[in-house]
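S.K.: Here it is: the structure, laid out below.
The values are calculated or read from the model by the stated rules, or taken from the named source; none is laboratory data. Since we're looking at a predicted model, the values are computed, not measured. Please note: Cβ atoms are built from the backbone with ideal geometry, for glycine as well, and neighbour counts cover all protein chains shown. Surface accessibility is based on the protein's heavy atoms, side chains included, excluding ligands, DNA and RNA. Shrake-Rupley method; radii C 1.70, N 1.55, O 1.52, S 1.80 Å.
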Amino acid sequence: MTQIEFQQIASTIPSAPGIYKYFDQHNELLYVGKAKNLKKRVSSYFTKTLNNYKTNELVKRIDHIEFTIVNSEQDAFLLENSLIKEFQPRFNINLKDDKTYPYIVIKNEHFPRVFFTRHKLNDGSQYLGPFTSVRKVRDLLTFIRQYVLLRTCKLNLSPQNIAKKKFKVCLEYHLGNCKGPCEGFQTEEDYNSGLQQVTQILKGNLQPVIQSYRRQMQDFAASLEFEKAEAMRKKIQGLEDYQASSIIIAKHVKEADVFSVLKEHQHAYVNYLMVQNGTIVQTHTIELKTPVEETEEDVLSFAIHHLRSSFNSNAPEVIVPVAVALPYTDVAVTVPKAGERKKLLDLSVQNVTYFQKEIQRRKLLHVEGKTETEIKDVLIVLQQDLKLPEVPYNIECFDNSNLHGTFPVSAMVSFKNGMPSKKDYRHFKVKTVEGINDFATMKEVVLRRYTRLLAEKQELPQLVIIDGGKGQLSAAMESIEQLKLKGKLTVVGLAKNEEEIFFPGDSQSLKLDWDSSSLKLLRRIRDEVHNFGINFHRQLRSKNALGNELENIPGIGKRTALSLLKHFKSVKNIREQPKEELARVAGAARAAVVWNYFHPEKA
């Protein structure tokens, strides 16, 4: 739609709050927007100079416009969100968050079971969550069952069935993990009091549970039932330890939702911290695609509404970095400048920044946007391509690095589940090899690595990649055979020039399709170990170049040399400093030694 065409309909646009919908000539919905004043907002697309390419493209495609007038800006907000969710127009904010989150359900039945589920049904059961981590849900259930005795069977424990003596207690009863409601050994009232404690624990409110156990402990002690009193004391201690390990953030912020936003070109990231009873009980970050020019406020308000709905939050306060308009009349919006709320916001900013960097790293890995299942599929393809006996969930890769024969070092990187496991990366300073001998160096570091893993009884990788050709691979295999690991892991060589893969003993190499997902992963692992080794090599060269001259001064050790270099940045600067400046860093005596070394004619 051109400006001239728009002017023909401009007078028909209402000056009222509402939503506007842009359609193309095929009647496809391109964009949905909200406005306090429809006429002003829609006119801005056709009267202002648009710098964003996607916004220009949107305006070019508009064939006709539809409006819906509502009573208030809040109503416009809710209607816009509803339409975006239903129609997902291509130029609107696109939420890249299609996961199904797990819940803990308290089943609507006699003596309700408590278990993990991904399916929220309208069956009268109580659903707690959702949670962002399956592992967290399972850990929570394990923790809860240590302190609240709940049944795990699927029996229909109706009063009629219990009265008819249809069931017998199982092993869980004899182990002390269940009170035996199936035989009538526990009343529903007693069982339901335990369920109330479960709800309190999941909400991070442990004090009522601890106080209840403390009263029971005192009652047992008063009636001389010391074993039961001791069991209660242990439960109290466990709950207090769990509470201490939780992230207690603020004494005065009991319940709030904290949000931060980070915009980057046509992508935005929003972090959410759910605070209950002064404790962070949920944290989640989402990615949004913003094809047209959207302000931080627009992105944030859209994400806040989605996240609060998804996580069933009724927090009375929202803490944000910028003021936003929300469709809630009973929620306070706070933009903190200092204090506990600012600390919470800063923590959210740290999380969203980390998430953005993680997305960038995934792009480098060629797994951006892939789910865990899709990454696993890449590993399965790699297994098939290399004819491995099992899926390579644990991969390690070695590379040697030296410059003109100086500072020979080796590096090893570890990839677990298709992603870098940086805590398992290792550097090796070569110990037994003199001069430049790439094969002997590879033999040494492979031997050292797997001797260590065997000694510590750690898990061996399914796949070991040697950055190099047949020579480096043969050297590595000497160590593998020495440790009697042949057949327990697969070792391959990856040649640099033509991306050839060598197997021990094979005369012919394997060449994978250049664009295959498995070769992309292998290249990425090889590049990672290469960069890791080069960076370590540079550190050693830099340290040697900067530190040697200072450390060669009689009476000056590494610590003094490092302090001087940190402060003055270079040996050249140190040489030019007067004795008094050096003394402020190294002390008068050492400063005199350094100054005299660089100025022997004046000493």
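S.K.: Can you pull out every residue in the range 478-507 that is open to solvent by 20 Å² or more (accessible area, probe 1.4 Å), touching a strand residue (DSSP E or B) at 6+ places or on another chain (Cβ under 9 Å) and under 15 Å from VAL464 (Cβ atoms)?
M.R.: THR490, PHE502, PHE503, PRO504
S.K.: Which of the residues that make up the range 572-588 are of a type in the set (A, V, I, L, M, F, W, C) and open to solvent by 40 Å² or more (accessible area, probe 1.4 Å)?
M.R.: Scanning the range 572-588 gives VAL585, ALA588.
S.K.: Return the residues of the range 417-469 that are of a type in the set (A, V, I, L, M) and closer than 18 Å to ILE395 by Cα; say none if nothing qualifies. Walk me through it before giving the result.
M.R.: So the first thing to find is which residues in the range 417-469 are of a type in the set (A, V, I, L, M), and the list is 419, 430, 433, 436, 440, 442, 445-447, 453-455, 460, 463-466.
Answer for the range 417-469, where residues must be of a type in the set (A, V, I, L, M) and closer than 18 Å to ILE395 by Cα: MET419, MET442, VAL445, VAL446, LEU447, LEU453, LEU454, LEU460, LEU463, VAL464, ILE465, ILE466.
S.K.: Consider THR152 carefully, then state whether it is modelled with pLDDT of 85 or more and either of a type in the set (S, T, N, Q) or under 24 Å from ILE286 (Cα atoms) (or both).
M.R.: For THR152, the condition - modelled with pLDDT of 85 or more and either of a type in the set (S, T, N, Q) or under 24 Å from ILE286 (Cα atoms) (or both) - is met.
S.K.: Cβ-Cβ distance below 7 Å, separation of 6 or more or different chains: which pairs start in the range 289-313 with a residue that is modelled with pLDDT of 90 or more and end on one that is of a type in the set (Ser, Thr, Tyr) and open to solvent by 30 Å² or more (accessible area, probe 1.4 Å)?
M.R.: Filtered contacts from the range 289-313: no entries.
S.K.: Let me ask another. Go through the residues of the range 56-65 one by one and say whether even a single one is open to solvent by 40 Å² or more (accessible area, probe 1.4 Å), in contact with a helix residue (DSSP H, G or I) (Cβ under 6 Å, 6 or more places away or on another chain) and modelled with pLDDT of 75 or more.
M.R.: No; the residues of the range 56-65 include none that is open to solvent by 40 Å² or more (accessible area, probe 1.4 Å), in contact with a helix residue (DSSP H, G or I) (Cβ under 6 Å, 6 or more places away or on another chain) and modelled with pLDDT of 75 or more.
S.K.: Report yes if some residue within the range 58-74 is among the acidic types (Asp, Glu) and closer than 30 Å to VAL137 by Cβ; otherwise report no.
M.R.: no
S.K.: With the requirement that a residue be farther than 11 Å from ILE236 by Cα and either surrounded by 15 or more Cβ atoms within 10 Å (Cβ to Cβ) or of a type in the set (A, V, I, L, M, F, W, C) (or both), what does the range 214-224 give you?
M.R.: Of everything in the range 214-224, those that are farther than 11 Å from ILE236 by Cα and either surrounded by 15 or more Cβ atoms within 10 Å (Cβ to Cβ) or of a type in the set (A, V, I, L, M, F, W, C) (or both) turn out to be PHE220, ALA221, ALA222, LEU224.
S.K.: Condition first: buried (at least 21 other Cβ atoms within 10 Å of the Cβ), in contact with a Pro (Cβ under 9 Å, 6 or more places away or on another chain) and part of a helix (DSSP H, G or I). Now tell me which residues in the range 451-475 satisfy that.
M.R.: LEU473
S.K.: Can you confirm whether VAL378 is of a type in the set (A, V, I, L, M) and under 22 Å from ARG523 (Cβ atoms)?
M.R.: In short, yes.
Yes/no per residue for (1) at negative phi; (2) open to solvent by less than 20 Å² (accessible area, probe 1.4 Å); (3) among the aromatic types (Phe, Trp, Tyr); (4) not in a loop (DSSP other than H, G, I, E, B):
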| position | (1), (2), (3), (4) |
| --- | --- |
| TYR22 | yes, yes, yes, yes |
| LYS34 | yes, no, no, yes |
| ALA76 | yes, yes, no, yes |
| PHE91 | yes, yes, yes, no |
| ILE104 | yes, yes, no, yes |
| HIS110 | yes, no, no, no |
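S.K.: Only one of these is farther than 30 Å from THR490 by Cβ and open to solvent by less than 30 Å² (accessible area, probe 1.4 Å): LEU386, LEU326, LEU347. Name it.
M.R.: Only one candidate qualifies: LEU326.
S.K.: Is at least one residue of the range 523-536 touching a helix residue (DSSP H, G or I) at 6+ places or on another chain (Cβ under 6 Å) and either buried (at least 19 other Cβ atoms within 10 Å of the Cβ) or in a helix (DSSP H, G or I) (or both)?
M.R.: No, there is no match, as no residue in the range 523-536 is touching a helix residue (DSSP H, G or I) at 6+ places or on another chain (Cβ under 6 Å) and either buried (at least 19 other Cβ atoms within 10 Å of the Cβ) or in a helix (DSSP H, G or I) (or both).
S.K.: Got a number for residues in the range 295-317 being open to solvent by less than 20 Å² (accessible area, probe 1.4 Å) and part of a loop (DSSP other than H, G, I, E, B)?
M.R.: 3
S.K.: May I pose another question? Can you report the number of residues in the range 196-230 which are in contact with a strand residue (DSSP E or B) (Cβ under 9 Å, 6 or more places away or on another chain) and either of a type in the set (Ser, Thr, Tyr) or modelled with pLDDT of 85 or more (or both)?
M.R.: Counting residues in the range 196-230 that are in contact with a strand residue (DSSP E or B) (Cβ under 9 Å, 6 or more places away or on another chain) and either of a type in the set (Ser, Thr, Tyr) or modelled with pLDDT of 85 or more (or both) gives 1.
S.K.: Looking at the range 112-213, what helices (runs of 4 or more DSSP H) fall wholly within it and have at least 2 residues that are surrounded by 16 or more Cβ atoms within 10 Å (Cβ to Cβ)?
M.R.: In the range 112-213, 134-147, 171-174, 188-202 are the helices (runs of 4 or more DSSP H) which contain 2 or more residues that are surrounded by 16 or more Cβ atoms within 10 Å (Cβ to Cβ).
S.K.: For the range 296-343, which residues satisfy the criterion of being among the aromatic types (Phe, Trp, Tyr) and within 23 Å of TYR127 (Cβ to Cβ)?
M.R.: PHE311, TYR328
S.K.: Condition first: at pLDDT below 90 and touching a helix residue (DSSP H, G or I) at 6+ places or on another chain (Cβ under 8 Å). Now tell me which residues in the range 412-425 satisfy that.
M.R.: Across the range 412-425, the qualifying residues are ASN417, GLY418, MET419, PRO420.
S.K.: Just checking, how many residues over the range 305-343 are of a type in the set (D, E, K, R) and more than 20 Å from THR283 (Cβ to Cβ)?
M.R.: 2
S.K.: Which condition breaks for ILE480 when tested against (1) within 24 Å of LEU379 (Cα to Cα); (2) under 33 Å from the mean Cα position of the chain (by Cα); (3) among the hydrophobic types (A, V, I, L, M, F, W, C)?
M.R.: (2)
S.K.: Determine whether SER518 is within 14 Å of LYS387 (Cα to Cα), small (Gly, Ala, Ser) and open to solvent by less than 20 Å² (accessible area, probe 1.4 Å).
M.R.: On the way: within 14 Å of LYS387 (Cα to Cα): yes; small (Gly, Ala, Ser): yes; open to solvent by less than 20 Å² (accessible area, probe 1.4 Å): yes.
For SER518, the condition - within 14 Å of LYS387 (Cα to Cα), small (Gly, Ala, Ser) and open to solvent by less than 20 Å² (accessible area, probe 1.4 Å) - is met.
S.K.: So GLY547 fits all but one of (1) open to solvent by 30 Å² or more (accessible area, probe 1.4 Å); (2) under 18 Å from VAL409 (Cβ atoms); (3) at pLDDT below 75; what number is the exception?
M.R.: (1)
S.K.: Report, by residue number, each residue of the range 262-289 that is in contact with an Asp or Glu (Cβ under 8 Å, 6 or more places away or on another chain), open to solvent by 20 Å² or more (accessible area, probe 1.4 Å) and closer than 20 Å to VAL322 by Cβ.
M.R.: LYS263, HIS267
S.K.: In the range 170-182, how many residues are more than 22 Å from THR142 (Cβ to Cβ) and touching a Cys at 6+ places or on another chain (Cβ under 6 Å)?
M.R.: Final tally of qualifying residues: 0.
S.K.: Out of the range 562-576, which residues are on the phi < 0 side of the Ramachandran plot and part of a loop (DSSP other than H, G, I, E, B)?
M.R.: SER570
S.K.: Going by what's in this entry, would VAL320 be described as open to solvent by 40 Å² or more (accessible area, probe 1.4 Å) and modelled with pLDDT of 90 or more?
M.R.: In short, no.
S.K.: When the range 577-589 is examined, which residues are found to be part of a helix (DSSP H, G or I) and within 48 Å of the chain's Cα centre (by Cα)?
M.R.: Within the range 577-589, GLU581, LEU582, ALA583, ARG584, VAL585, ALA586 meet the criteria.
S.K.: Looking at the range 115-149, which of its residues are of a type in the set (S, T, N, Q), out of contact with any Asp or Glu (no Cβ under 9 Å at 6 or more places or on another chain) and modelled with pLDDT under 80?
M.R.: THR132, THR142, GLN146
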